[in-house]
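Single-structure report; data block below.
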Amino acid sequence: MSGKHKAVICIMAVFALMPEAAFAMHIMEGFLPPVWCVSWGVLTIPFIGMGLFSIQRTVREYPRLKMLLALSGAFTFVLSALKLPSVTGSSSHPTGVGLGAILFGPSAMSVLGLIVLLFQALLLAHGGITTLGANTFSMAVVGPVTAYAAYKLIKKAKGPQWLAVFLAAALGDLSTYITTSVQLALAFPSETGGFTASLVKFMGIFAVTQIPLAVSEGILTVLIFNAIAAHSKDELKDLKILSKEEQI
């Protein structure tokens with residue numbers, strides 16, 4: 001998978017050059033009031049439970065998929081750690097959840113996403129422990145569910161494989177950004193206009209960079225998926241992702 005390796009190296013190189021930002025798509029440590037930290041955490045727990053069961057079943061039936069599962073997690077870690085400056089001192093980033101959602105389903109990605117967010121909070125100070133539930137819900141629950149649904153809808157409509165992968169990744173990214181905006185607006189409604197005005201403000205902050213990021217993430221995910229399809233056909237057959245007749 002030389003193409004995949006080159007893409008990952010490029011992403012990591014760009015990440016190393018990115019400056020820190022005061023406000024990012026991962027809600028930072030201590031930013032949310034305690035009631036919202038607890039609420040989002042409790043809401044996330046059932047999805048984590050289903051994800052653990054899903055991963056256990058997949059690995060038990062197909063042990064050789066462990067490497068592909070790890071690759072999905074690594075892809076999410078690298079992309080979601082990439083922070084690009086947005087407006088008003090904020091930053092946006094890709095999510096990388098679309099690939100894993102396509103391969104293993106949204107439940108498995110809830111667990112992988114939680115692990116990624118935990119490591120980023122501890123090692124990179126990106127996100128936080130108190131906001132882990134909120135960040136997990138937006139990026140590891142809503143994002144993968146949206147990506148998986150988009151992929152299945154395009155495939156059901158007999159759309160091309162590349163389009164299904166592209167839209168899954170792009171819409172998974174955008175749904176995370178929208179959910180984060182909702183979370184922030186609920187926690188910090190505007191004095192004038194309340195929740196709606198606050199939601200418009202937060203969505204407007206991120207839209208400048210998040211929309212082109214979603215498109216870029218969609219393209220990159222198609223390239224990575226192509227590399228996997230070219231070198232791991234047996235694994236994709238186990239996952240029932242590609243039939244013999246399908247072409248990328």
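We did not get these values from a lab; they are worked out from the coordinates using the rules stated. No experiment lies behind these values; they were computed from the predicted model shown. Note that each Cβ is placed from the backbone with ideal geometry, even for glycine, and that neighbours are counted across all protein chains shown.
For the Cα trace of segment 26-238, dividing Rg by the Kirkwood Rh returns an Rg/Rh value of 0.98. Scaled against the 2.2 N^0.38 Å expected of a compact globular protein of N residues, the Cα radius of gyration of segment 101-159 reads 1.29. Decide, for segment 113-193, between rounded, prolate and oblate: order the square roots of the alpha carbon gyration tensor eigenvalues as a ≥ b ≥ c, take rounded if a/c falls under 1.5, and otherwise choose prolate if a/b is larger than b/c, else oblate. It is oblate, given that a/c is not under 1.5 and a/b is not larger than b/c. Dipole check for segment 98-227: with +1 at the C-beta of Lys and Arg, -1 at the C-beta of Asp and Glu, and the Cα centre as origin, the magnitude is about 420 Debye. Taking the Cα atoms of segment 128-248, the ratio Rg/Rh between the radius of gyration and the Kirkwood radius comes to 1.09.
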